[in-house]
Amino acid sequence: MLYFHLCSVTESQAQTFTHVVFYLAANPEYARPSRDETEETTVDEAGWTRTALNRLVKIDSFIKESTQQYWLPYVLDFSPYIF
């Protein structure tokens, strides 16, 4: 299923998703608070609604933090320009 997800999105979305997964693997202490927030929000909102997604503040912050940590190697990648 992960393979289909990565194939159906643009490259930047796939990179963001990969960054989040790697950041979560490197920092497992964020898994439990994110899961708790997700369970609480989906129960309160009766599922995955737009309102529920807007209430996922911790996960939104986690995604922003993970993409800020790993953007530099992609900016400094000059391999397509080396002949």
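A few points about this structure:
- Residues of the range 63-74 that turn out to be in contact with a helix residue (DSSP H, G or I) (Cβ under 6 Å, 6 or more places away or on another chain) and either hydrophobic (A, V, I, L, M, F, W, C) or modelled with pLDDT of 85 or more (or both), as a count: 1
- When each of Thr51, Thr16 is tested for being in a helix (DSSP H, G or I) and either at pLDDT below 85 or in contact with a helix residue (DSSP H, G or I) (Cβ under 6 Å, 6 or more places away or on another chain) (or both), the lone residue that passes is Thr16.
- Evaluation of Val9 against the conditions (1) modelled with pLDDT under 85; (2) loosely packed, with under 10 Cβ neighbours inside 10 Å; (3) aliphatic (A, V, I, L, M) shows that the sole unmet condition is (2).
- If you filter the range 41-63 down to residues that are of a type in the set (A, V, I, L, M) and surrounded by fewer than 15 Cβ atoms within 10 Å (Cβ to Cβ), you find that the one that is farthest from Pro28 (Cα to Cα) is Ala46.
The values are calculated or read from the model by the stated rules, or taken from the named source; none is laboratory data. Since we're looking at a predicted model, the values are computed, not measured. Note that we place each Cβ from the backbone using ideal geometry, even for glycine, and neighbour counts take in every protein chain shown.
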